[in-house]
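Chemist: This is the structure I want to talk about, given as structure tokens.
The values are calculated or read from the model by the stated rules, or taken from the named source; none is laboratory data. Quick caveat: nothing in here was measured; it's all calculated off a predicted structure. Here the Cβ is made from the backbone with ideal geometry for all residues, glycine too, and neighbour counts use every protein chain on show.
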Amino acid sequence: MIRTDLLVRSPIYTIGLVHTLAAAGVEVVGVRRSPAEEPAGSAEAAIVDLDGLPVSDGVGAIADAARRLRVLVLDGGPADDRTAYLRAGALGVVDRHAPADQIVDAVRTLGGTDHVDDSPPGRALSERESQVLTQISHGLTHWQIATRLGLSPNTVDTYVKRIRAKLGVSNKAELTRAALLGRFHPSVTWAGSAARDVAAEPPQFA
């Protein structure tokens, strides 16, 4: 699992985030309160929470971290603001109020981990599920999707089963139609992605 450095100003949010990531097998190797602090030397990725940071400081922190780390941004502001963060070097931006499992899934996607999330049916699609569904809407086969996203065909099959359960569709034709109609709600924006963003429930850090 990817070794991650955190830049989070809120002590309470930090505790919840560290606990959630650790429970999911994500190794947190450093925690910072200020952009002036250096990321942990062993980190491979950085999670930058923009809550409480002036916009200029947040963009600067992203740019600094992105020089050597893969950066995921947590942001509670309007989705329209996210382009600036991606231009600064972030690979993805996730709503900091998204459910904890979606934040974990975004971190795993950042690390390129071939992992299927365990979110139950009826929830919004995870980023990886949204990526798979988008490829389905383009007419790709499961094998082609696996190759394009760097997954195994079995993993793609599992994602498709979860997507069908969440969207309440029973066959490929209905699934393709759902994809074309945009019946999915990712709360993450990735660099180079045209995925739409929607507000989600506050994270449930247990």
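Chemist: Identify, please: which residue in the stretch 114-143 is surrounded by 15 or more Cβ atoms within 10 Å (Cβ to Cβ) and among the polar types (S, T, N, Q) and is, among those, modelled with the lowest pLDDT?
Modeler: Going through the qualifying residues, I end up with Ser119.
Chemist: Sticking with this structure for a sec: Arg87 passes all but one of (1) within 26 Å of Arg162 (Cβ to Cβ); (2) more than 16 Å from the chain's Cα centre (by Cα); (3) modelled with pLDDT under 90; which number fails?
Modeler: Evaluating Arg87 over (1) within 26 Å of Arg162 (Cβ to Cβ); (2) more than 16 Å from the chain's Cα centre (by Cα); (3) modelled with pLDDT under 90 leaves (1) as the failure.
Chemist: Can you confirm whether Asp49 is at pLDDT 90 or above, more than 16 Å from Leu86 (Cβ to Cβ) and under 16 Å from the mean Cα position of the chain (by Cα)?
Modeler: It is true that Asp49 is at pLDDT 90 or above, more than 16 Å from Leu86 (Cβ to Cβ) and under 16 Å from the mean Cα position of the chain (by Cα).
Chemist: Cβ contacts < 8 Å: first residue within 16 Å of Ala24 (Cβ to Cβ) and of a type in the set (Lys, Arg), restricted to the stretch 113-140; second residue modelled with pLDDT under 65 and in a loop (DSSP other than H, G, I, E, B), any location; separation 6+ or different chain. Result?
Modeler: Matching pairs, first to second residue: Arg128/Val116; Arg128/Asp117.
Chemist: Right, something else. I need the full set of residues from the stretch 11-51 which are of a type in the set (Asp, Glu) and either in contact with a Leu (Cβ under 9 Å, 6 or more places away or on another chain) or not in a loop (DSSP other than H, G, I, E, B) (or both), in order please.
Modeler: Within the stretch 11-51, Glu27, Glu37, Glu44, Asp49, Asp51 meet the criteria.
Chemist: Which pairs have Cβ atoms under 7 Å, sit 6 or more apart or on different chains, and link a residue in the stretch 11-26 that is more than 17 Å from Thr109 (Cα to Cα) and outside the structural domain of Asp105 (by TED's automatic domain parsing) to one that is part of a helix (DSSP H, G or I) and β-branched (Val, Ile, Thr)?
Modeler: As it stands, the answer is none, since no pair meets every condition given.
Chemist: Looking for something in contact with a Lys or Arg (Cβ under 6 Å, 6 or more places away or on another chain) and farther than 30 Å from Arg148 by Cβ - is there at least one such residue anywhere in the stretch 63-76?
Modeler: The answer is yes, given that some residue of the stretch 63-76 is in contact with a Lys or Arg (Cβ under 6 Å, 6 or more places away or on another chain) and farther than 30 Å from Arg148 by Cβ.
Chemist: Got a sec? Which of Val104, Val93 is at pLDDT 85 or above, surrounded by 22 or more Cβ atoms within 10 Å (Cβ to Cβ) and in contact with a strand residue (DSSP E or B) (Cβ under 9 Å, 6 or more places away or on another chain)?
Modeler: From the options Val104, Val93, the qualifying one is Val93.
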